[in-house]
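**Q** Encoded as structure tokens, here's the structure I'll be asking about.
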Amino acid sequence: MAIFFQEEQKTFYLEGKDVTYAFFINEVGYAEHLYYGKKIGRDDLTCIRKSGGGSGTSIIPGRMEMWLQPGFYASYHDFPSELSFFGTGDYREPAVGYQDKTGSRVVELLYDGHEILAEKPLPAGMPGMRGGETLVLHLKDSITAFACDLYYTIYEETGVVVRRAVYRNLSTDAVRLNRAYSFTFTLPDMDYDVLSLPGAWARERAIERIPMHHGVVSVDSKRTSSSATMNPFLALARKNAGEETGDVYGFSLIYSSSYVLKAEGVNGGTTLVTGGIQDFDFSWTLEPGEGFDTPEVVLAYSDRGLGGMSRSFHDAYRDHLINPRYVKKPRPVVINNWEGTYFNFDAEKLMSIAKAVEGTGIDTFVLDDGWFGKRDDDTSGLGDWVVNTKKLKGGLTDVIACVNSLGMKFGLWFEPEMVNEDSDLFRAHPDYAIGLPNRARCRSRYQYMLDLTRKEVRDTIVDSVNRVLHENNIEYVKWDYNRNVTESFSFGRDPQRQAEFAHRYALGLYDLCERIVNANPNVFFEGCSSGGARFDPAMLYYFPQIWTSDNTDAEARTLIQYGTSMVYPLSTMSCHVSAVPNHQTGRTTSMETRADIAHLGATGYELDTTKFTTEEKVKIREQVAQYHQMEDLVLYGDLYRTENPFESNYFGFMLVAKDQKKAMLTLYQRVTKCNGDLKLFKAAGLLPDTDYFVPELNRTFKGSTLMNVGLRAAFARGDFATVTYHFVAQNA
Ligand code: GLA
């Protein structure tokens with residue numbers, strides 16, 4: 001049991017591994033936040049409440065006498081909030097924007113009972129965390145019969161808290177939601193930095209850390225996609241919090257469309273966090289009796305710095321989000337033809353790429369863009385999911401037969417959400433593309449987006465994609481998504497409901513995933529979006545791994561993979577060894593460096609293998625074998641980020657088995673130094689008193705020695721060098 005209700009003080013204690021989350025129902029029935037942090041006793045915490053107040057405070061109607069009592073302050077603005085609302089004296093960021101037919105925007109959402117469910121239901125039509133004991137707190141406005149259910153789930157073994165809100169119209173008239181955030185959370189001071197993961201194409205998820213200040217710090221996307229520009233994540237880190245020390249609160253949203261997460265410094269010294277679906281360009285009509293489910297947000301508290309927060313997210317996402325069918329299984333090691341051929345291939349070329357890796361341990365051949373429709377470049381063909389027999393003379397059959405005869409699986413690229421103007425689909429159904437009747441559409445990569453908010457459009461996509469999957473022996477799919485919505489408008493939808501578009505797109509996308517991904521349980525799915533532009537937890541529910549970035553340069557990847565690991569486990573990051581000079585940066589790095597960095601994720605190769613020398617082929621066989629020896633650490637281990645490439649000349653990832661018997665440290669030096677510095681590189685996460693054998697040094701050390709003294713890294717001469725150390729516990 002993880003959820004306890006203390007009747008007398010009406011206090012809820014949610015208890016997970018090492019953490020407590022507590023709030024109570026106060027005198028006016030408001031859900032008032034008390035605490036989230038290291039595990040505490042189930043004590044009465046009401047004595048920590050704020051007392052006193054200022055002139056001009058808006059007192060809750062009928063509560064003036066209470067305000068006059070010493071020690072109590074009856075204003076919504078002053079209550080640490082679990083769900084902030086507008087119009088009754090709370091001037092902080094509200095979680096809900098409501099309007100009824102009278103024009104009133106006022107609601108007062110107060111306690112109306114609660115229940116505890118043994119298992120958490122998923123939000124309607126959306127992905128979310130699986131299982132877990134769940135508290136449902138019912139809040140209601142007594143005048144309008146507008147209601148809100150707050151869901152709380154805590155996992156005993158990880159300590160993350162999953163939250164969401166469901167707004168309900170229990171009245172007899174339609175109401176409009178102009179904002180429908182998932183949660184509110186309050187911290188009693190503002191001594192934090194705000195950490196976010198901004199980026200762009202080919203440099204996704206950099207790390208930005210700024211001081212929390214008065215007013216609103218906002219992380220958002222208005223692209224109808226979670227985007228490379230900002231990941232749906234925000235953390236509040238104590239000023240002194242570092243990689244392995246200090247308090248950190250992380251907020252990760254399980255959502256793929258436009259979103260917002262806000263931290264507001266308010267009341268002269270508290271921090272309120274709220275967010276969910278982006279409310280810019282959003283409104284939703286709720287008919288009588290209808291409910292509106294919001295996406296889940298995952299809160300992770302750690303007193304062990306950013307590293308502790310990341311490990312909590314990694315454990316929680318591996319255990320409760322990513323499809324259990326894949327999460328504990330070795331990943332395919334792929335050869336993908338994209339950077340090897342781009343659009344320029346025929347069946348023979350593909351077969352020779354596959355044949356060239358025979359015997360290397362690479363077990364899956366993935367045919368990327370260009371196999372379908374009239375697709376010889378990116379100007380045509382999207383939407384026509386029928387094989388281009390001009391290019392592939394024997395259809396897919398011959399290529400698949402060849403790949404299978406080599407003992408390899410076959411994978412295929414799709415971009416199901418898109419259409420080119422030059423396609424049979426567009427010619428037959430121009431209105432299937434998102435756009436306005438009287439306005440030219442923006443093109444992006446010569447393509448338009450299909451209107452997933454419409455069922456007939458989704459049906460067409462499902463039929464054509466599933467047909468290819470059913471007619472061929474396809475065991476892997478790369479699902480790409482290469483542009484963002486413009487002219488957001490859906491043909492045939494009520495004008496009053498056009499601002500429902502961005503959320504309806506998310507619901508349409510999830511429906512598509514249910515009907516293609518979940519309906520093909522034997523196919524392994526990888527997500528992609530011009531690289532990693534839709535790398536979010538909702539996509540991870542369907543795709544156990546996502547192409548991390550189109551930038552395959554090892555140096556650039558140290559930064560991208562470091563930033564991505566803030567929230568996402570290494571097993572979710574698809575990483576390939578590609579040719580040099582690198583196609584994105586022009587940089588040349590060694591084969592060892594490219595492999596060492598690509599092997600810190602779900603690894604693969606993406607280059608023209610027919611150009612391999614015999615020595616290179618032998619090298620690849622060795623690399624794949626080494627990867628398999630350590631892949632359990634990549635898939636299920638604990639990550640310690642030991643060197644930060646955003647702040648130094650080095651990158652360091654230490655992967656440690658859960659039982660701490662086996663570990664690996666990968667170090668990278670950006671620029672070599674002649675007569676270099678004396679820097680020692682510390683290990684992390686080992687058992688201090690255990691002896692570890694380090695094969696690279698043929699020496700044994702205590703864990704405490706490795707973690708406190710460190711190792712001198714034997715980088716090879718030259719820039720962009722890596723070195724790896726392995727640690728094997730002796731008699732542990
Ligand atoms: C996107 C992907 C690439 C590749 C191309 C194909 O850019 O990120 O990996 O699949 O599309 O067009």
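The values are calculated or read from the model by the stated rules, or taken from the named source; none is laboratory data. In this text the structure is predicted, and so the values were computed from the model without any measurement. So basically every Cβ, Gly included, is an ideal-geometry build from the backbone, and we count neighbours across all protein chains shown. Surface areas here come from the heavy atoms of the whole protein model, side chains and all, with no ligands, DNA or RNA. Shrake-Rupley method; radii C 1.70, N 1.55, O 1.52, S 1.80 Å.
**Q** Let's see if you can work this out: charge +1 on each Lys and Arg Cβ, -1 on each Asp and Glu Cβ, no other charges. What is the dipole magnitude of segment 643-730 about its Cα centre, in debye to the nearest 20? Present the calculation step by step, with values, prior to reporting the outcome.
**A** Values: 11 positive and 8 negative charges, 22 e Å.
It comes to approximately 100 debye.
**Q** Give me, ordered by chain and number, the residues 5 or more places off SER84 or on other chains with an amide H under 5 Å from its own placed amide H.
**A** For SER84, the qualifying residues are ALA95, THR184.
**Q** Continuing with the same structure: Nothing charged except the Cβ atoms of Lys and Arg (+1) and of Asp and Glu (-1): what's the magnitude of the dipole of segment 450-574 about its Cα centre? Round to the nearest 20 debye. List each step's numbers first, then the result.
**A** Details: 12 positive and 17 negative charges, 48 e Å.
Dipole about the Cα centre, nearest 20: 240 debye.
**Q** Looking at segment 625-732, which GluC sites (Glu not before Pro) are in a loop (DSSP not H, G, I, E or B) and have at most 15 other Cβ atoms within 10 Å? Each step should come with its number before you reach the end.
**A** Numbers: sites: GLU631, GLU643, GLU647, GLU696; in loops: GLU647, GLU696.
For GluC sites (Glu not before Pro) across segment 625-732 that sit outside H, G, I, E and B with at most 15 neighbouring Cβ atoms in 10 Å, the list reads GLU647, GLU696.
**Q** Could you give me the radius of gyration and the Dmax of segment 402-536, taking only the C-alpha atoms into account and expressing both in angstrom?
**A** 15.9, 57
**Q** Does segment 153-218 come out rounded, prolate or oblate by the C-alpha gyration tensor, with a ≥ b ≥ c the root eigenvalues, rounded set by a/c under 1.5 and, if not, prolate when a/b is larger than b/c and oblate if not?
**A** Taking the square roots of the gyration eigenvalues as a ≥ b ≥ c, segment 153-218 is prolate.
**Q** Which of PRO495, HIS470, THR460 sits farthest toward the positive end of the charge dipole of segment 445-497, with +1 on the Cβ of Lys and Arg and -1 on the Cβ of Asp and Glu?
**A** Highest projection toward the positive end goes to PRO495.
**Q** What Kirkwood hydrodynamic radius do you get for segment 643-730 when you take the inverse of the mean 1/r over all pairs of distinct Cα atoms, in Å? Don't jump to the answer; show the numbers that get you there.
**A** On the way: mean 1/r = 0.0751 Å⁻¹.
Computed over Cα pairs of segment 643-730, the Kirkwood hydrodynamic radius comes out at 13.3 Å.
**Q** Oh, and also: Based on the alpha carbon coordinates of segment 357-427, what radius of gyration and maximum Cα-Cα distance (Dmax) apply, in Å?
**A** Both quantities, over Cα of segment 357-427: 13.8, 45 Å.
**Q** Go ahead and run the numbers for FRET between ASP659 and ARG621, Cβ-Cβ distance against an R0 of 35 Å, rounding to 0.05. Spell out each step's value before the answer.
**A** Details: r = 29 Å, r/R0 = 0.84.
Taking R0 as 35 Å, the efficiency between ASP659 and ARG621 is 0.75.
**Q** Apply the Karplus parameterisation 6.51 cos²θ - 1.76 cosθ + 1.60, with θ equal to phi minus 60°, to every residue of segment 702-713 and state each ³J(HN,Hα) to the nearest whole Hz, in sequence, with x for glycine and proline.
**A** 3J(HN,Hα) across segment 702-713, in whole Hz: 5, x, 4, 5, 5, 7, 9, 8, x, 10, 7, 7.
**Q** Helix 305-320 against the longest principal axis of the chain: what's the angle in degrees, Cα atoms only, rounded to the nearest 10?
**A** 80 degrees
**Q** Now, a different point. Taking a probe of 1.4 angstrom, what is the accessible area of VAL107 in Å², to the nearest 10?
**A** For VAL107, solvent-accessible area is about 0 Å².
**Q** Also, quick follow-up: Of THR672, SER302, LEU711, whose Cα points farthest to the positive end of the dipole of the chain (charges on the beta-carbon: +1 Lys, Arg; -1 Asp, Glu; origin at the Cα centre)?
**A** THR672
**Q** If you don't mind, there's one more thing I want to ask. Sequence-distant or interchain residues sharing an amide H contact under 5 Å with LEU367, placed H: which?
**A** Amide H to amide H, under 5 Å and 5 or more residues apart or across chains, LEU367 pairs with GLY411, LEU412, TRP413.
**Q** Given PRO188, ILE516, THR153, which one lies farthest toward the positive end of the charge dipole of the chain, if we put +1 on the Cβ of every Lys and Arg and -1 on the Cβ of every Asp and Glu?
**A** The residue sitting most towards the positive pole is ILE516.
**Q** What figure in square angstrom, to the nearest 10, would you give for the accessible area of PHE343 with a 1.4 Å probe?
**A** 30 Å²
**Q** What is the spread of the Cα atoms of segment 186-276 along each of their three principal axes, largest first, in whole Å?
**A** 35, 28, 19
**Q** If contacts are Cα pairs under 8 angstrom and at least 6 residues apart, what is the relative contact order of the chain in percent?
**A** Details: 1791 pairs, mean separation 72.7, N = 732.
Relative contact order here is 10 percent.
**Q** On the first, second and third principal axes, largest extent first, how far apart are the outermost C-alpha atoms of segment 3-320 in Å?
**A** Principal extents (largest minus smallest coordinate, Cα): 54, 42, 41 Å.
**Q** For segment 3-320, with only Lys/Arg (+1) and Asp/Glu (-1) charged at the beta-carbon, what is the dipole magnitude about the Cα centre, in debye rounded to 20?
**A** Values: 30 positive and 43 negative charges, 156 e Å.
Taking the Cα centre of segment 3-320 as origin, the dipole is about 740 debye.
**Q** Shape verdict for segment 604-695, please, from the Cα gyration tensor: rounded (a/c under 1.5), prolate (a/b greater than b/c) or oblate.
**A** On the way: a/c = 2.12, a/b = 1.26, b/c = 1.69.
Oblate, since a/c reaches 1.5 and b/c is not below a/b.
**Q** Rounded, prolate or oblate for segment 256-319? Axes are the square roots of the Cα gyration tensor eigenvalues, ordered a ≥ b ≥ c, and the cut-off for rounded is a/c under 1.5. Each step should come with its number before you reach the end.
**A** Working: a/c = 2.69, a/b = 1.47, b/c = 1.83.
Because a/c hits 1.5 or more and a/b fails to exceed b/c, segment 256-319 counts as oblate.
**Q** A follow-up question, please. Can you give the helix-only mean residue ellipticity at 222 nm for the chain, where every DSSP H stretch with n ≥ 4 adds -39500 (n - 2.57) and the sum goes over all residues, rounded to the nearest 500 deg cm²/dmol?
**A** Numbers: 14 runs with 142 residues, N = 732.
Taken over the chain, the calculation gives -5500 deg cm²/dmol.
**Q** Any chance you could check the Cα centroid distance between segment 1-66 and segment 299-361 for me, in angstrom?
**A** 44 Å
**Q** Here's a follow-up. What is the angle, in °, between the Cα long axis of helix 554-564 and the longest principal axis of the Cα atoms in the chain? Nearest 10 is fine, range 0 to 90.
**A** Relative to the chain, helix 554-564 is tipped by roughly 30 degrees.
**Q** If you wrap a convex hull around the C-alpha atoms of segment 108-229 and split its volume per residue, what is the figure in Å³? Working shown, then result.
**A** On the way: hull volume 22.6 nm³, N = 122.
Dividing the Cα hull volume of segment 108-229 by its residue count gives 185 Å³.
**Q** Cα-Cα over 30 Å: which of LYS329/LYS662; LYS39/LYS120; LYS50/LYS120; LYS17/LYS478; LYS17/LYS682; LYS239/LYS673? Please list the in-between numbers first.
**A** Values: LYS329/LYS662 19 Å; LYS39/LYS120 22 Å; LYS50/LYS120 33 Å; LYS17/LYS478 36 Å; LYS17/LYS682 27 Å; LYS239/LYS673 32 Å.
Going by Cα-Cα distance, LYS50/LYS120; LYS17/LYS478; LYS239/LYS673 fall outside the 30 Å limit.
**Q** What order do MET230, MET64 take when sorted by accessible area (1.4 Å probe), most exposed first?
**A** Final ranking, largest accessible area leading: MET64, MET230.
**Q** If you don't mind, another one. At 1.4 Å probe size, put GLU82, GLU456 in order of accessible surface, largest to smallest.
**A** On the way: GLU82 0, GLU456 85 Å².
Order by accessible area, largest first: GLU456, GLU82.
**Q** So what is the diffusion coefficient of the chain in µm² per second by Stokes-Einstein at 25 °C and 0.890 mPa s, using a Kirkwood Rh over Cα pairs?
**A** Numbers: Rh = 27.1 Å.
The estimated diffusion coefficient comes to 90 µm²/s.
**Q** May I pose another question? For segment 518-648, what are the per-bin percents of Cα-Cα distances with bins 5 Å wide, up to the bin holding the maximum?
**A** Going out from 0 Å in 5 Å bins, segment 518-648 shows 2, 10, 19, 22, 21, 15, 8, 3, 0, 0 percent.
**Q** Tabulate in residue order the Karplus-calculated ³J(HN,Hα) for segment 125-136, using 6.51 cos²θ - 1.76 cosθ + 1.60 with θ = phi - 60°, rounded to whole Hz; enter x for Gly and Pro.
**A** For segment 125-136, the Karplus curve yields x, 10, x, x, 6, 9, x, x, 4, 9, 8, 10 Hz.
**Q** Take SER258, SER142 and sort them by solvent-accessible surface of the protein heavy atoms, 1.4 Å probe, largest at the top. Display every interim value, and only then the final one.
**A** On the way: SER258 10, SER142 110 Å².
Accessible-area ranking of SER258, SER142, largest first: SER142, SER258.
**Q** Roll a 1.4 Å probe over the protein heavy atoms and report the accessible area of LYS455 in Å², nearest 10.
**A** Ignoring ligands and nucleic acids, LYS455 comes out at about 120 Å².
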